[in-house]
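Asks: Quick one: this structure, given as C-alpha cells, is what I'll be asking you about.
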Amino acid sequence: MYVCLCKNVTDHRIRGAVEEGARSWREVQQQTGCATQCGKCASTGKDITREAIKAEMNNAAEWLAYAV
C-alpha cells in the first residue's frame, strides 16, 4: 500500500527500513523520505513504523538465551 504519494513510499518500504535498523520515526523519514513533503501521510507512516518496530523487537527477543 502506498503511504506517501509525494515520495512513492510504501508500507513495505517503511517495514524494510525498520528491518535494516531504523528504530525511530525520524530514522525512517531519513531513509525513505516519507512525510517530508506535504506531511499528510505522517500519521499513517508513524503508525506503521511503530508496529514494525514492535514486531522487530519481539522477533529479536525470541533469539535471547535464558539461563536454565
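The values are calculated or read from the model by the stated rules, or taken from the named source; none is laboratory data. In this text, all values refer to a predicted model and were calculated from it rather than measured experimentally. Positions of Cβ are generated from backbone atoms using ideal geometry, with glycine treated the same way; all protein chains shown enter the neighbour counts. For accessibility, only protein heavy atoms count, side chains too; no ligands or nucleic acids. Shrake-Rupley method; radii C 1.70, N 1.55, O 1.52, S 1.80 Å.
Asks: Output the residues belonging to region 36-62 that are in contact with a helix residue (DSSP H, G or I) (Cβ under 8 Å, 6 or more places away or on another chain) and open to solvent by less than 20 Å² (accessible area, probe 1.4 Å).
Replies: Those that are in contact with a helix residue (DSSP H, G or I) (Cβ under 8 Å, 6 or more places away or on another chain) and open to solvent by less than 20 Å² (accessible area, probe 1.4 Å): GLY45, ILE48, THR49, ALA52.
Asks: Tell me which helices (runs of 4 or more DSSP H) are completely within the chain and hold 3 or more residues being touching a residue at least 24 places away in the same chain (Cβ under 8 Å) and either of a type in the set (Phe, Trp, Tyr) or out of contact with any Cys (no Cβ under 8 Å at 6 or more places or on another chain) (or both), or say none if there are none.
Replies: Counting at least 3 such residues, we get 11-19, 42-62.
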